[in-house]
Every structure is written in structure tokens, then in C-alpha cells.
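To start, the structure itself, in C-alpha cells.
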Amino acid sequence: MVKIEKVNIHAESLENNKPGDPADREVLIISNNYEESSPLLIGIAGFYGTAASFLNRSYSSQDFISTLERISKQNPDVSYLMAIPDTMTSYCGNQYLNSSAVGNYEDFIVNDLIGFLIEKYGKRKTGIFGKSSGGFGAYTLTVRHPEVFSGFIDVSGDSLFEYCYLKDFPGAIEMFRDSEPGKFLQDFRSKGYHSNQELNAMEVIAMSAFYSPNKESPYDFDLPFDIESGKIRYDVWNRWLEVDLARTVVRSAPDLKGKKIILQVGKRDEFALNIGMSSMHRTLEAHGIEHSYHEYDTGHFSIDYLYQYSLPELARFLSGL
């Protein structure tokens, strides 16, 4: 039976972050057939989402909690302890990296959250999962901390940045010509409704804050283009590409050996992430890294049901270690 409770933790890693976001964070603790040996699963949200988003009920698609309930009924042997932290920021989302512009969210997950869970529940085999920005984070945190995570699920994670991000640059340039980034941020945060172009521009700012922070910049980050000329700033863009999953997977291959790797994506992903995920799959194959790769006849949204197939696989793997 799926059980849900909420706890609060204080994150030293988030103290004095630049935007002034809270260092005290809520964490959802979800368990199924809990035992002392149950593996730990860390769930991290996609962009514009946070811990509470996992609790949202849907009446048009299979939501996350319904997915867990179905897993419980169909897989009586599956046991886990799951922790889903609040990771929302003033930039409307998270890429789970340390950033001088946003805060040390990599350290928050690996040190504060994991440390709290070990102290409260004891050390256990740990996996991590997420969709979109959460998928990006699940992969990135695993390869950066292979001693912490024994496996991950990446559902439609940000990859091949030229396809998923570049298309938003022209609209963002137009927005920033009308309202420079600092004022745009102020206006965005004060408004109750946003156009699609504003949302896309906000995402460009957020990715800049995570991928190209700069303490010397008036905005605390560098944009990957020149607002006046519209030209790509390749010195900045290359900083983004340094964390692109489709590229980092090549150098990260040694750290992925022996891990449980599950990649899932929709064939009709609206952000072309199926192209990036397919590229990762082919690279892993070429390097002889064992993994699961699944494409589905769907897009980017309302796909929590995909965890129905991957979470039991990850939990069983961790339980067998």
C-alpha cells in the first residue's frame, strides 16, 4: 500500500542563495511495502514543477499517484522508500546544478537531502528519477556522484540542446529588446498570467542562470546570444553544451558501467527530446553500456504512466544489490 507523508528539512547548501529562496524545504516521503532493506528512490521535478506537482490528480490521464497505486497492485514484490523534495526556485524551475546565480541544488540533493534520509532511515541503495529537467538532473547527478546513485530513470530529459533550446532564442531576443532581462524578470514575477513567448523567454533566462552563471554580469548570468545583434555568443553557448547529456554521455561512459540506466521518451516529443534521447541510446550502445531504452507513441506531456514500467525495474535492481 502506498503511504505518503511530508517532512521538512533545513538545507545548509541553500543558505544565502542569490535569489533569496528558502533554505527550509518540504520533502514528500512515499513508501510501498516498506522494509528496512527497501531501496531509496529520489524523485525530482521537471521545469515549472516541484514536489507538490507529483501529488496533482488528473482526470484525463494517469497521474503519478495513480501510477504508484497501479504499481503497488500489479507488483506486490516491489518495495521502496521514495523522497521527493521541493526544488522550486525564483527562476521557476531547476536543472539540479550548483549555480552562483540560483543556488547549490546539486549539493542540496546529494548532501542535505541524502544526508537527512540516511540519518532518519539508514543508508541504503539509492536510485533517482525524473522527467524533462528532472530527467536531466537524474542523469547528471548520477554521473557526477556515482558513489551515491546506483541507477536512474531519465524520462525525456533535456538533451541535444540545439534542438530543444535554440528555437526559443528568437522570441527571447525580441522580448529582451523590449524589456532588458533584469526588468523582464521583475515584470514576469509580478504578473499573474504569461504568454507562451514570455514563458519561453523565462526558460532561456533560467537555463542561462544554471548553465552560464556569471557573478560579474549585471544579471548574475550570461545569455547565449547578443541581444542587440541577435548573434549566438559561442563562448557562452559552448558552456551550455558542456552539460548537454547527448555530449557528456561519451566522457561519462566509465561512470555508468554497472548502473541501472532506463531511458524513456515519446516519439512525438514537442521539444524534439526524442532526438537527444535516441542519440544517448546510440552512444551507450556504441560504448557497450548496458541500459534500457524505450520509445512510446506519445509526446512530452501527461506521461507519468511511463513510470509504471520503469520504477519497478529500478526498484528491483536496487533491491538485488
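Throughout, read-outs are computed from the coordinates displayed, never taken from laboratory work. What you are looking at is a predicted structure, and each value in this text was computed from that prediction instead of being measured. Cβ atoms come from the backbone with ideal geometry, glycine included; neighbour counts cover every protein chain shown.
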| note | Scalar couplings 3J(HN,Hα) for segment 167-184 by Karplus 6.51 cos²θ - 1.76 cosθ + 1.60 (θ = phi - 60°), nearest whole Hz, x for Gly and Pro, are 5, 8, 5, x, x, 5, 4, 4, 4, 6, 6, 7, 8, 4, x, x, 5, 4
| query | Based on the mean of other beta carbon atoms within 10 Å per residue, what is the order of 148-159, 310-321, most packed first? | reply | 148-159, 310-321
| For segment 163-241, alpha-carbon Rg over 2.2 N^0.38 Å | 1.02
| In degrees, nearest ten, helix 245-256 long axis to first principal axis of the chain (Cα) | 40 degrees
| remark: In whole Hz, the Karplus estimates of ³J(HN,Hα) for segment 115-123 (6.51, -1.76, 1.60; θ = phi - 60°; x where Gly or Pro) are x, 4, 5, 5, 5, 7, 10, x, 6
| query | Relative to the first principal axis of the alpha-carbon coordinates of the chain, what is the inclination of helix 273-286, with its axis defined by its Cα atoms, in degrees from 0 to 90 and to the nearest 10? | reply | 60 degrees
| Which order do Met277, Met88, Met82 fall in if you start with the one that has the fewest other Cβ atoms within 10 Å? | Met88, Met82, Met277
| Residues with amide H under 5 Å of Phe225's amide H, sequence separation 5 or more or different chain, H placed in the peptide plane at 1.01 Å from N; which? | Arg233
| said: To the nearest 20 Debye, how big is the dipole of segment 88-246 about its Cα centre, given +1 on the beta carbon of each Lys and Arg and -1 on that of each Asp and Glu? | reply: 600 debye
| Nonlocal Lys pairs with alpha-carbon distance under 23 Å, segment 176-321 (8 or more apart, or different chains) | 4
| remark: Taking every DSSP bridge whose two residues both lie in the chain, the antiparallel percent to the nearest 5 is 45 percent
| note | Residues whose built amide H sits under 5 Å from the amide H of Phe149, excluding neighbours closer than 5 in sequence, are none
| query | Near the amide H of Gly266, under 5 Å away, which other amide H atoms are found, from residues 5 or more places off or on another chain, if H is placed in the peptide plane? | reply | Tyr296
| said: Using the Cα centre of the chain as origin and beta-carbon charges of +1 (Lys, Arg) and -1 (Asp, Glu), tell me which of Ser302, Leu68, Val78 is placed farthest towards the positive end of the dipole. | reply: Val78
| note | With x for Gly and Pro, the residue-by-residue ³J(HN,Hα) of segment 11-23, computed from phi through the Karplus equation 6.51 cos²θ - 1.76 cosθ + 1.60 at θ = phi - 60° and given in whole Hz, is 9, 4, 5, 9, 5, 6, 5, 4, x, x, 6, x, 8
| remark: Magnitude of the Cβ-charge dipole (Lys and Arg +1, Asp and Glu -1) of segment 163-241 about the Cα centre, nearest 20 debye, reported as 140 debye
